[in-house]
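What follows is a single structure, written as structure tokens, with notes after it.
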Amino acid sequence: MAQTATPKLDMGDPFPPMTISLLDGTHLALPADLNTDFTVVLGYRGKW
């Protein structure tokens with residue numbers, strides 16, 4: 001498996017901005033579209 005140099009988040013680091021495509025065809029911009037101080041983001045990549 002290819003390795004990337006993606007930085008890991010440490011406690012207190014801001015969540016990096018990203019856009020996620022949802023199943024209904026809309027998009028969700030993180031963290032801009034969230035109206036809360038705390039959020040859990042779970043991802044499923046199709047198969048492990």
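Each reported figure results from applying straightforward, stated rules to the coordinates on display, with no laboratory input. Keep in mind that this is a model prediction, so the values were computed, not measured. No Cβ is skipped: glycine too gets one built from the backbone with ideal geometry, and neighbour counts run over all protein chains shown.
General observations
- Residues of the range 27-38 classified as part of a loop (DSSP other than H, G, I, E, B), without any contact (Cβ under 8 Å) to a residue 12 or more places away in the chain and under 16 Å from residue 16 (Cβ atoms), total: 2
- Qualifying positions in the range 11-26 - surrounded by 10 or more Cβ atoms within 10 Å (Cβ to Cβ) and in a strand (DSSP E or B): 18, 19, 20
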